[in-house]
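Report on the structure given below.
Where a number appears in this text, it was derived from the coordinates with a stated rule and is not lab data. All values reported here derive from a predicted model rather than from experimental measurement. Glycine gets a Cβ as well: all are built from the backbone with ideal geometry, and neighbour counts include every protein chain shown.
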Amino acid sequence: MTGPAFVAAALFVAIIGAVTGAGDPDWHGTVRELALTHFKNPAWGYSHCQRDYALARELAAADHVTLDDDVLFAAAYLHDMAAFPPWEKKKLDHSDVAADVVDTVLNGTGFPMAKIDAVRAAIRTHMYYRDPAGPEALYLHDADALDWLGAIGVARIIALVDPNGGSPDGPKAVKMLEDNLKNVPLRVLSPAGRALVAPRAAELDGFLKDLRRESDNLRTL
């Protein structure tokens, strides 16, 4: 097989491999299973890890930046681990806690531990209000920030609303969305990430305006 048919077949195989994890190092499966089992939250659980990993790769590719995939994968799937037991420490920033203990779950999995400091650095600065250093840290940071905007940003925050009237309720969730719209866009730093800010911010802004119009300015929310 040669020419366009060969290219199409190769692309198909690459896509299937990316979706299924075929051809990944064995430790990827261990990390995925840990995240799937322990990270149960509609805003920062397993699906958020998947999106951050995929978007970070997409942004870096758009900027023609080569990432160390070992570092990115581990950091993307484990960056929020300290938001969950048994790693959670409520009085400390989850980024710092996760960076400090990530080696305890990667050690023995087959992950190349010589790269653990780069994983720690990417995890420690993944939140939009922190300053990343290094390509894996930068693109994880921007992917994580962009996941607070757009339709997915709305879905994440609304999913946190307590159906029994606890916190957050609807108006508090709106305040969280408004804070994200105000604070996150200026903290997306990469060229490819910046290109996605305007459309995602517009999606979020449009939702908030529609919601206020349809809920008597939140009085009936």
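Observations on the model:
- Evaluated with a Cβ-only charge set (Lys, Arg +1; Asp, Glu -1), the chain carries a dipole of roughly 580 debye about its Cα centre, given to the nearest 20.
- Structure-based [θ]222 nm, the chain - -39500 (n - 2.57) summed over DSSP H runs of at least 4, per residue, nearest 500: -20500 deg cm²/dmol
- When 219, 120, 51, 212 are arranged by Cβ crowding within 10 Å, least crowded first, meaning fewest neighbours, the order is 219, 212, 51, 120.
- Residue 133 paired with residue 41, simple spin-label distance in nm, labels 7 Å along Cα-to-beta-carbon: 2.7
- Taking 0.36 nm per residue of sequence separation and removing the Cα-Cα distance, the residue 183/residue 54 pair yields an extension gain of 44.1 nm.
- Signed unit charges on C-beta, dipole axis of region 34-138, positive-most listed residue 34, 73, 122: 34
- From most to least packed by mean Cβ count within 10 Å, the peptides 163-173, 105-115, 136-146 give 136-146, 105-115, 163-173.
- Paramagnetic label zone (point 7 Å from Cα along Cα-to-C-beta, residue 155; backbone N under 14 Å) in region 51-88: 51-52, 55
- Cβ-based exposure ranking for 129, 77, in which fewest neighbours within 10 Å come first: 129, 77
- A simple spin-label model places pseudo-atoms 7 Å from Cα toward Cβ; at residue 164 and residue 96 they are separated by 3.3 nm.
- Our estimate of slack between residue 194 and residue 69, defined as 0.36 nm per intervening residue step minus the Cα-Cα distance, is 42.8 nm.
- The modelled label-to-label distance for the pair residue 115/residue 26, using points 7 Å beyond Cα in the direction of Cβ, is 1.7 nm.
- For the residue pairs 40/172; 89/172; 91/209; 89/209; 115/182, the alpha carbons lie more than 28 Å apart in 91/209; 89/209; 115/182.
- Dipole of the chain, positive end: most advanced residue of 221, 97, 134 [Cβ charges, Cα centre]: 221
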